[in-house]
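The values are calculated or read from the model by the stated rules, or taken from the named source; none is laboratory data. Nothing here was measured: the structure is a model prediction, and the numbers come from that model. Glycine gets a Cβ as well: all are built from the backbone with ideal geometry, and neighbour counts include every protein chain shown. The area values use the complete protein model at the heavy-atom level, side chains included, leaving out ligands, DNA and RNA. Shrake-Rupley method; radii C 1.70, N 1.55, O 1.52, S 1.80 Å.
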Amino acid sequence: MSKLVEGLDALTKAMMILAAFFAFGLAFMILVDVTARALNIKFYGVAEYVRNTIIVIVFLQLPYAIRIASMLRVDIFVNALPRKSRIPLIVIGNLLGLLFFAGITAGALPPAIDAWVNNEFEGEGVVRVAAWPARFSIVYGCGLAALFYVFRIVDAIRGREAPKGPDGIPQH
């Protein structure tokens, strides 16, 4: 089990780094578009790429954010309770996160497969952008997020928060 978790940690870290490169590329593309407009040069397709790339960036980073426990939580209320009462609340909160992201994954998978099979594109005219990368990034991000909530539930039941290593990834 430990090797699986380590592999998933490495995967989420790699996807977070890839998302950072996408964000840099997106910023560069916007800079070129703004410069081209200032020089009265037509630069097509930026809106289509921006729309899809933002989705990819968000959902590639989502599992990493959940893995390092940087999602928003109201600790002030939970920490005020005795340890024995805290664990059920933490489990319930993580179970709700699991159900939420599993539901999104189940709802996003058929449209992603459909976009792949039917070669679906977004945009009209000169630039058409494939829709499947954005759709599958939602499936990937939410699916892995749900799995990490399972890990957090197991950690809570064992009575421990996953300790964070020097790189922010919880150690098992």
Residue within the range 119-140 that is in a helix (DSSP H, G or I) and over 23 Å from THR12 (Cβ atoms) present: no
Matching residues in the range 101-136 - criterion: being touching a Cys at 6+ places or on another chain (Cβ under 6 Å) and open to solvent by less than 50 Å² (accessible area, probe 1.4 Å): PHE101, THR105
Boolean, ALA36 is open to solvent by less than 50 Å² (accessible area, probe 1.4 Å), over 23 Å from PHE136 (Cβ atoms), not polar (S, T, N, Q) and not in a helix (DSSP H, G or I): no
Check on SER85, crowded, with 16+ Cβ neighbours inside 10 Å, of a type outside the set (Lys, Arg) and either at pLDDT below 95 or on the phi < 0 side of the Ramachandran plot (or both): no
Criterion violated by MET15 - all others in (1) touching a residue at least 12 places away in the same chain (Cβ under 8 Å); (2) surrounded by fewer than 17 Cβ atoms within 10 Å (Cβ to Cβ) satisfied: (2)
Index of the failed condition, ARG67 passing every other in (1) open to solvent by 30 Å² or more (accessible area, probe 1.4 Å); (2) within 22 Å of ALA156 (Cα to Cα): (1)
Answer residue from the range 39-67, given it is among the small types (Gly, Ala, Ser) and assigned to a helix (DSSP H, G or I) and is nearest to TRP132 (Cα to Cα) among those: ALA47
Check on VAL46, in contact with a Leu (Cβ under 8 Å, 6 or more places away or on another chain), open to solvent by less than 50 Å² (accessible area, probe 1.4 Å) and free of Cβ contacts under 8 Å to residues at least 60 places away in the same chain: no
Failed criterion for VAL139 (all others in (1) open to solvent by less than 20 Å² (accessible area, probe 1.4 Å); (2) touching a Leu at 6+ places or on another chain (Cβ under 6 Å); (3) without any contact (Cβ under 8 Å) to a residue 40 or more places away in the chain hold): (1)
Test set (1) of a type in the set (A, V, I, L, M, F, W, C); (2) surrounded by fewer than 18 Cβ atoms within 10 Å (Cβ to Cβ); (3) in contact (Cβ under 8 Å) with a residue 40 or more places away in the chain; (4) more than 27 Å from ALA130 (Cβ to Cβ) - LEU98 fails condition number: (2)
